[in-house]
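Visitor: The following block contains the structure, expressed as structure tokens.
None of the figures in this text is laboratory data; all of them are computed from the coordinates on show. On a predicted model such as this, the values are computed, not experimentally measured, just so you know. Cβ placement follows ideal geometry from the backbone for every residue including glycine, while neighbour counts extend to all protein chains displayed.
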2 protein chains.
Amino acid sequence: MQDCGMVPLSRKSPVPPDRCNLARAVDQIGDRWTLLILRSALYGVRRFDDFQTELGTPRTILSGRLKSLVDSGLLAKRTYKVEGRRARPEYVLTTKGEALRPVLIALNQWGDQWLESEGQPPISFTDSQSRQAVRIAFVTEDGREVSVENMRIVLRR
Amino acid sequence: MQDCGMVPLSRKSPVPPDRCNLARAVDQIGDRWTLLILRSALYGVRRFDDFQTELGTPRTILSGRLKSLVDSGLLAKRTYKVEGRRARPEYVLTTKGEALRPVLIALNQWGDQWLESEGQPPISFTDSQSRQAVRIAFVTEDGREVSVENMRIVLRR
DNA sequence: AAGCTGGATTTGGATGACGAACCCATGCAA
DNA sequence: TTGCATGGGTTCGTCATCCAAATCCAGCTT
């Protein structure tokens, strides 16, 4: 098995970037801070200062990123109130935002495998029934795994 | 089913960003141009001008991004030679770079589902055997699908 | 030698990132 | 009722990065 060159040469992509949903997804979330904010949000972080403390994001940037995440419907701005404290906004994942979880877990697992780091990965997932480790994969409609080599591209138009 | 708020509130992530392989992966590839370049590369694009033409990346930026993708071991710089033309460099995905394919396909499918666009998605995947549509999912070691609700987080240390 | 071609650097102006300081509304305690 | 602490921002000036256009450069063809 070679180290590279498995993909056949092509002079251009089958789908031009301006019609490609991957490219358009990258436009929405393909940014360092945005991705880090989503990571925290998927762990349940909701408050401005919690994001700021955890990530060290400059407050100006954080403010802007939260705003555009709300604009693109990934986060919802709501109000929370702790007793004896004034009401404050919080930023909660929408269903659209939640739907990114598999993507970020997949990226996490890529990092576990390919980014050298001492020791075991600090976080992983198991099936609560079988207790087996869980990984990301492609499956058919009925849940049967398909290997990457057996996947065929279908183009429309 | 609500639109948001499914994730329980947390004041900080279980894994701090500096030890998190997801955060470290974001540091390597969490950038608009980098992601777009990888997208093209996964489709087989290899040459400077082909990237440039397809993506419209400023040449200065493209040059820098390719360099750092080579530095981080996602692309390999090789030489190709068309007869009657001088030898030129090309940028080919390494195994590490190839390993990002599931991540980008997952993101593509997220875009198909959540980014409004007219008509059918321009590209999709099927199982070459059963011809069924393929989607991303979590599976156990032996390839049985696990739903998100049945997944349990395991922390180390 | 003149021209083409693909890969890349140089230049200066526009854009965005950043840290520090400040603002502001509220609840609470003196 | 003044004062202060808290959480969630905005304003400001500086500095880094992005970007388009022009230039460079090697080597191949004519």
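Visitor: Mind pulling up the Rg/Rh value for the stretch B:21-74? Radius of gyration and Kirkwood radius, both on Cα.
Guide: On the way: Rg = 10.8 Å, Rh = 11.3 Å.
Rounded to two decimals, Rg/Rh equals 0.96.
Visitor: Let me ask something else. If you build the Cα gyration tensor of the protein assembly as shown and take the root of 5 times each eigenvalue, what three semi-axes come out, in whole angstrom, biggest first? Please list the in-between numbers first.
Guide: Values: eigenvalues 221, 109, 79 Å².
With the √(5λ) rule applied to the protein assembly as shown, the semi-axes are 33, 23, 20 Å.
Visitor: With +1 on each Lys and Arg Cβ and -1 on each Asp and Glu Cβ, how big is the dipole of the stretch B:1-143 about its Cα centre, in debye rounded to the nearest 20?
Guide: On the way: 21 positive and 17 negative charges, 167 e Å.
That gives the stretch B:1-143 a dipole magnitude of about 800 debye.
Visitor: Hey, in the GNM for chain A with a 10 angstrom Cα cutoff, which one of A:S13, A:S63, A:S72 fluctuates hardest?
Guide: Looking only at A:S13, A:S63, A:S72, the largest GNM fluctuation is found for A:S13.
Visitor: A follow-up question, please. At 7 angstrom along the Cα-to-beta-carbon line, where would the label on B:G73 sit relative to the other copies? Give the distances in nm, shortest first.
Guide: Result, one decimal in nm: 4.0.
Visitor: Can you check what the net charge comes to around A:R144, using other residues whose Cβ is under 14 Å from the Cβ of A:R144 (Lys, Arg +1; Asp, Glu -1)?
Guide: Working: positive: B:R131, B:R135, B:R144; negative: A:E141, A:D142, A:E145, B:D127, B:D142, B:E145.
Every neighbour counted, the sum reads -3.
Visitor: Run the simple label-point estimate for A:V154 and B:A87 please: 7 Å along Cα→C-beta, distance reported in nm.
Guide: Placing both labels 7 Å along Cα→Cβ, they lie 4.5 nm apart.
Visitor: Let me ask something additional. Which shape class, rounded, prolate or oblate, goes with chain A when its Cα gyration tensor gives a ≥ b ≥ c as root eigenvalues, a/c under 1.5 marks rounded, and past that a/b bigger than b/c marks prolate?
Guide: Working: a/c = 1.98, a/b = 1.54, b/c = 1.29.
Prolate is the answer for chain A, as a/c is 1.5 or above and a/b outweighs b/c.
Visitor: Now a separate question. Applying 1/(1 + (r/R0)^6) with R0 = 30 Å to the Cβ-Cβ distance of A:T53 and A:D27, what FRET efficiency is obtained, to the nearest 0.05? Could you put the intermediate results ahead of the total?
Guide: Numbers: r = 28 Å, r/R0 = 0.95.
Once rounded, the FRET efficiency stands at 0.60.
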